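Right, one structure below, let's go through it.
The values are calculated or read from the model by the stated rules, or taken from the named source; none is laboratory data. Just so we're clear, the structure is a prediction, and the values are computed from it rather than from any experiment. Here the Cβ positions follow ideal geometry from the backbone for every residue, glycine too, while neighbour counts run over all protein chains shown. What goes into the accessible areas is simple: the full protein's heavy atoms, side chains included, and nothing from ligands, DNA or RNA. Shrake-Rupley method; radii C 1.70, N 1.55, O 1.52, S 1.80 Å.
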Amino acid sequence: MAGLLIKNGRVIDPASGVDEVTDVLIEKGVISKMARNLKAPSGAKVIDATGKWVTPGLIDMHTHLREPGYEYKETIETGALSAAVGGFTSIACMANTNPVNDSASVTDMITEKAKKAVVNVFPIGAVTQGLKGEKLAEIGEMAECGVVALSDDGKCVMDARLMRLAMEYGSMFGLTLIEHAEDHSLSGGGVMNEGAQAVRMGLVGQPKAAEDSIVARDITLAEYLDLPVHIAHLSSAYSIELIREAKRRGVKVTGEAAPHHFTLTDVCCDGYDTNAKMAPPLREDKDVEAIKKGLKDGTIDCIATDHAPHSADEKETEFDQAAFGIVGLETALPLSLALVDKKVLTPSRLIETLTSAPAKILGIERGSLSQGAVADVTIIDPEAEWVIDPSKFRSKGKNTPFGGWKVKGRADVTIVKGRVVHEWQ
Amino acid sequence: MGSEANVFSHRHLLSMDDLSRDDIGQFLTTAKMMKEVSEREVKKIPTLRGRTVINCFLEPSTRTRMSFEIAGKRLSADVINISASGSSMSKGESLKDMAGTLRAMNPDLITIRSPHSGAPFQVSEMIERCSVVNAGDGRHEHPSQSLLDIMTISEHKEAFMGLKVSIVGDILNSRVARSNIIGLKKLGAVVTICGPKTLLPVNAEEMADGVTTSIKTAVKNADVVMMLRIQKERIGQATFPNLREYSRLFGLTSERLKLAAKDVVVMHPGPVNRGVEIAPDVADGPWSVILDQVKNGVAVRMAILYLLLGGGLAQGE
């Protein structure tokens, strides 16, 4: 493979503290040089990144690729294409497939298919067999096959003892537990946030306490065991406050937030828009503000999409019958860049939440542009204005509440291991 | 009626939220005339001749369904009924496909009763050139019930402004309560809601003028007491221990009713659980207007069909 020279971009690499205009030379799939005024080796492709940001390839630690079992919603191939368009070079896929990724054979199948995908796919193994919350999944064997974390996402590990055991068992393999914090006994039957909006619409609400109580429990376990736990898709202000306090005490708790949760509120469910139905549900203004503050001060470590593709049929139905979740890979970057535009985050902090922070939680050697690192690079045009058109998504899922939104910022070029996998046309 | 200025401005009836005071007034005026039709020997007028009304009831219902059917027939519309058990929806047909099928039949108006909140609204978005009436959707709303309740109250009370109305029972899950709170507040009534804390909405204080868990407080000085049916399946959801205790704490007895205004009227949307939310002597007593509600149900639904279908100014008339 001939080399690739990215010239005159604003290189933002939070892991090394770099934020300056410089050139990046990629050779043999790794970053070979970073310096000003580099000359292109013969045969190398040159990309002019003037006015653009050159960042480590974005990492989404929370996607649903639906394969095996739900290929009509998404496949590893289409999910990876969607990621590339969104600027993501690495995605971690959740275990709630069919069969569930709770054994080495399923993990193997995913990694085998992932070899042909245009971005890096890191499987996350189930915590419990069949996500049933009863017995531990084959964690050790899955670890040997390359799972990078453990999660029953979609379901909460409701049994506290099992959660404890899974944290202890997973720690032998350096695997962090990712919790879908939702006390199902408290949220049961709820299809949106519990509050005035749900009452108005006559829909059963999920109280924030369903999230908060599990976050409190998991922090308690993490502190007691001195082991890490990661809370997925934080949506409630009080959960974030609990994490802030715990981090102050040195508890190994980390958290993520999804773009829709810091962009929208439960008012978006108006008109029974099933594309505003997700788990956890869209909350209220004060929660949105708390998420932004949490991302700013580091209480929330990273941004993750919770990309959840569904077929049109699963959404074009009564609100309480519709599937939970929205697609996120192709909309996450502009929605996140809006936080920079609104001066909530600095460019460097934003890129950290999308690169080195998730890499650290998953323990993967990605998320930095240092010399010798794997050349996963995203070139971002932070100023480009465009309109979100779901029909153009590379994902099979078109379920998004952001269709027709005019947004700013996009991934111009996505590079995985030195190879250009997406270029904005 | 029928004059240019009075042409009804809504295509659908989905929520009491959508109606102005004047709209409600127009329904009542029209319903009053329709009630007169129902008292004739020949209970039929040709107003909606050639119009097709489909009653799509995806949940069990007796009085609402029957009264919409009678209403349509008294107005000479062609009325077709679809029920959940006999319909393709019980064979797993989606709402979207069902709406498509209905649209293909070219109806002028569809009434929809659904266990899912929002379904009538969603169907109204899927079908053009057809009125949709919400005949009760999930825990959301039941506007035709609210209109008939308002009509019944208007027959017994001078004015709504300042009228003390207490609604007692499962407020959280009741579409009747939701529509009545909205409708009565628009007319200036002072609405108090009462029920076990477990069956009150989280934002109860914002919804009503008064909130209480004591039926005595609710009934005291009330001009209207509206009792809601307690659904027995709620017991399994641990919202209250058993019917006996519910009845003791929230049942309307003649003893409790003494606290109310002298000319109080007692209402119930039916079907009544005698001896649970309401004592038999209260349900059958002089205060009770429960059967007036049923009677007005037909008149109000005739008014709904009449007004939504353009006041009968169809071609050829």
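Residue pairs, Cβ under 6 Å, 6 or more apart or interchain, first in the range B:135-149 and on the phi < 0 side of the Ramachandran plot and more than 7 Å from chain A (Cβ to nearest Cβ), second open to solvent by 10 Å² or more (accessible area, probe 1.4 Å) and basic (Lys, Arg). List them.
From the range B:135-149, the pairs are B:135/B:113; B:142/B:175.
Out of the residues in the range A:226-246 meeting the condition of being surrounded by fewer than 23 Cβ atoms within 10 Å (Cβ to Cβ) and not aliphatic (A, V, I, L, M), tell me which one is farthest from residue A:307 (Cα to Cα).
Once the filter is applied, the top-ranked residue is A:226.
Looking at (1) part of a strand (DSSP E or B); (2) more than 14 Å from chain A (Cβ to nearest Cβ), which is the one condition that is false for residue B:50?
Condition not satisfied by residue B:50: (1).
Is it true that residue A:192 is buried (at least 19 other Cβ atoms within 10 Å of the Cβ), touching an Asp or Glu at 6+ places or on another chain (Cβ under 9 Å) and farther than 30 Å from residue A:266 by Cα?
no
Quick one: which of A:43, A:17 is farther than 15 Å from residue A:354 by Cβ, modelled with pLDDT under 95 and surrounded by fewer than 19 Cβ atoms within 10 Å (Cβ to Cβ)?
So the residue among A:43, A:17 that is farther than 15 Å from residue A:354 by Cβ, modelled with pLDDT under 95 and surrounded by fewer than 19 Cβ atoms within 10 Å (Cβ to Cβ) is A:43.
If you go through the range A:147-161, how many residues are of a type outside the set (Ser, Thr, Tyr), crowded, with 17+ Cβ neighbours inside 10 Å and touching a strand residue (DSSP E or B) at 6+ places or on another chain (Cβ under 9 Å)?
Count: 9.
Tally up the residues in the range B:115-134 that are more than 7 Å from chain A (Cβ to nearest Cβ) and not aliphatic (A, V, I, L, M), please.
Count: 9.
All but one of (1) under 21 Å from residue B:277 (Cβ atoms); (2) away from chain A (no Cβ under 14 Å); (3) in contact with a strand residue (DSSP E or B) (Cβ under 9 Å, 6 or more places away or on another chain) hold for residue B:177; state the number of the condition that does not hold.
(2)
Residues checked against (1) of a type in the set (S, T, N, Q); (2) within 14 Å of another protein chain (Cβ to nearest Cβ); (3) in contact with a Gly (Cβ under 9 Å, 6 or more places away or on another chain):
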residue: B:22; (1), (2), (3): no, no, no
residue: B:39; (1), (2), (3): no, no, no
residue: B:77; (1), (2), (3): no, no, yes
residue: B:94; (1), (2), (3): yes, yes, no
residue: B:109; (1), (2), (3): no, no, yes
residue: B:112; (1), (2), (3): no, yes, yes
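Across the range A:404-425, which residue is least open to solvent (accessible area, probe 1.4 Å) among those that are at pLDDT 95 or above and not in a strand (DSSP E or B)?
Of everything passing the filter in the range A:404-425, A:418 is least open to solvent (accessible area, probe 1.4 Å).
On the basis of being within 14 Å of another protein chain (Cβ to nearest Cβ), under 27 Å from residue B:295 (Cα atoms) and of a type outside the set (Lys, Arg), does residue B:153 make the cut?
no
State all residues of the range A:94-127 that are within 13 Å of the chain's Cα centre (by Cα), under 29 Å from residue A:52 (Cα atoms) and open to solvent by less than 30 Å² (accessible area, probe 1.4 Å); if no residue qualifies, say none.
A:121 - this is the single residue of the range A:94-127 that is within 13 Å of the chain's Cα centre (by Cα), under 29 Å from residue A:52 (Cα atoms) and open to solvent by less than 30 Å² (accessible area, probe 1.4 Å).
The rows are residues; the columns are (1) within 16 Å of the chain's Cα centre (by Cα); (2) assigned by TED's automatic domain parsing to the domain that holds residue B:13.
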| residue | (1), (2) |
| --- | --- |
| B:136 | yes, yes |
| B:147 | yes, no |
| B:150 | yes, no |
| B:178 | yes, no |
| B:195 | no, no |
| B:203 | no, no |
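Exactly one of these conditions fails for residue B:133: (1) touching a Leu at 6+ places or on another chain (Cβ under 8 Å); (2) of a type outside the set (S, T, N, Q); (3) surrounded by fewer than 20 Cβ atoms within 10 Å (Cβ to Cβ). Give me its number.
(3)
Give me a count of the residues in the range A:308-353 that are more than 19 Å from the chain's Cα centre (by Cα), buried (at least 22 other Cβ atoms within 10 Å of the Cβ) and more than 12 Å from every other protein chain (Cβ to nearest Cβ).
Matching residues across the range A:308-353 total 0.
Is there a residue being within 24 Å of residue A:268 (Cα to Cα) and of a type in the set (Asp, Glu) anywhere in the range A:358-365?
Checked against the condition, which is being within 24 Å of residue A:268 (Cα to Cα) and of a type in the set (Asp, Glu), the range A:358-365 yields no hits at all.
Confirm whether residue B:128 is over 15 Å from the mean Cα position of the chain (by Cα), surrounded by fewer than 21 Cβ atoms within 10 Å (Cβ to Cβ) and within 30 Å of residue B:261 (Cβ to Cβ).
Taking the combined requirement at face value, the residue does not satisfy it.
Kindly indicate whether residue B:163 is under 18 Å from the mean Cα position of the chain (by Cα) and assigned by TED's automatic domain parsing to the domain that holds residue B:228.
Against the criterion (under 18 Å from the mean Cα position of the chain (by Cα) and assigned by TED's automatic domain parsing to the domain that holds residue B:228), residue B:163 does not qualify.
Give the residues of the range A:197-220 that are under 20 Å from residue B:137 (Cα atoms) and either more than 13 Å from every other protein chain (Cβ to nearest Cβ) or open to solvent by 30 Å² or more (accessible area, probe 1.4 Å) (or both), sorted by residue number.
A:200, A:204
So if I check each of B:209, B:223, B:170, which one is open to solvent by less than 10 Å² (accessible area, probe 1.4 Å) and either away from chain A (no Cβ under 14 Å) or under 19 Å from the mean Cα position of the chain (by Cα) (or both)?
B:170
Select from the range A:172-189 the residues that are more than 26 Å from residue B:120 (Cα to Cα) and open to solvent by 50 Å² or more (accessible area, probe 1.4 Å) and list them in ascending order.
Result: A:172, A:173, A:174, A:184, A:185, A:186.
Going by the structure shown, is residue A:223 open to solvent by 10 Å² or more (accessible area, probe 1.4 Å) and within 14 Å of chain B (Cβ to nearest Cβ)?
Considered against the rule, which asks whether it is open to solvent by 10 Å² or more (accessible area, probe 1.4 Å) and within 14 Å of chain B (Cβ to nearest Cβ), residue A:223 comes out as no.
Identify all residues within the range B:26-41 that are open to solvent by 10 Å² or more (accessible area, probe 1.4 Å) and over 14 Å from residue B:144 (Cβ atoms); write none if there are none.
Across the range B:26-41, the qualifying residues are B:26, B:29, B:32, B:33, B:35, B:36, B:38, B:39, B:40, B:41.
So, in the range A:288-307, of the ones that are of a type in the set (Asp, Glu) and buried (at least 24 other Cβ atoms within 10 Å of the Cβ), which residue ends up farthest from the other protein chains (Cβ to nearest Cβ)?
Restricting to residues being of a type in the set (Asp, Glu) and buried (at least 24 other Cβ atoms within 10 Å of the Cβ), the top hit is A:301.
For the range A:247-282, what are the residues that are buried (at least 20 other Cβ atoms within 10 Å of the Cβ), within 14 Å of chain B (Cβ to nearest Cβ) and either under 15 Å from the mean Cα position of the chain (by Cα) or among the acidic types (Asp, Glu) (or both)?
The one that is buried (at least 20 other Cβ atoms within 10 Å of the Cβ), within 14 Å of chain B (Cβ to nearest Cβ) and either under 15 Å from the mean Cα position of the chain (by Cα) or among the acidic types (Asp, Glu) (or both): A:266.
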